[in-house]
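The block underneath contains the structure these notes are about, expressed in structure tokens.
The values are calculated or read from the model by the stated rules, or taken from the named source; none is laboratory data. What you see is a predicted model; the values in this text were computed from it and never measured. Reconstructed Cβ throughout: ideal geometry from the backbone, glycine too, with neighbour counts over all protein chains shown.
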Amino acid sequence: MTTSRRDTNVTVGQTAWLTAWLIEQIAEDERLANTIRQRHWEADGAAVIADHPTNRIVDYVYEEGAAEHIARWDPKRVLAECEAKRRIVELCEIVADLPDVDTSAFTLALNTLEDLARPYADHPDHRADWWEPRQ
């Protein structure tokens with residue numbers, strides 16, 4: 001099958017590479033999150049506070065809202081997001097690999113994989129030619 005989305009060059013034969021690449025990126029995000037012992041962070045004014053008993057200050061930031069943003073992306077949340085992304089990738093891979101998958105189901109799976117790849121656009125192995133940039 002050579003079905004492709006209207007605004008992409010990715011075909012059924014390339015989804016295996018994309019899913020493997022996404023799983024690698026997710027694993028790297030998990031690895032980095034797991035290096036942090038303080039799992040939960042919260043904002044306290046300009047400080048980001050961790051749940052570690054002796055080293056509570058993670059960072060001081062002075063841009064309004066930055067501490068809340070950093071605390072929101074604590075390692076615990078990153079790990080939960082990684083698990084959710086992995087499950088989505090695996091489901092998309094199952095759909096894309098079905099022998100009689102219809103075009104709409106394949107397109108939905110492919111679109112989902114492409115969208116999951118977007119946050120990794122700065123990675124050297126990211127392939128921007130997969131889709132047209134969205135405005």
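Values for this structure:
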| read-out | value |
| --- | --- |
| Output for segment 75-100, where each listed residue is of a type outside the set (Lys, Arg) and either outside the structural domain of residue 23 (by TED's automatic domain parsing) or in contact with a helix residue (DSSP H, G or I) (Cβ under 6 Å, 6 or more places away or on another chain) (or both) | 75, 78, 79, 82, 89, 92, 93, 95, 96 |
| Residue 30 vs. criteria surrounded by fewer than 16 Cβ atoms within 10 Å (Cβ to Cβ), within 14 Å of the chain's Cα centre (by Cα) and either under 23 Å from residue 125 (Cα atoms) or not aliphatic (A, V, I, L, M) (or both) | no |
| Qualifying positions in segment 84-124 - at pLDDT 90 or above, of a type in the set (Asp, Glu) and buried (at least 16 other Cβ atoms within 10 Å of the Cβ) | 93 |
| Close pairs (7 angstrom Cβ cut-off, 6 or more residues apart or separate chains): farther than 15 Å from residue 20 by Cα in segment 81-107, surrounded by 11 or more Cβ atoms within 10 Å (Cβ to Cβ) and of a type in the set (Lys, Arg) anywhere | 107/5 |
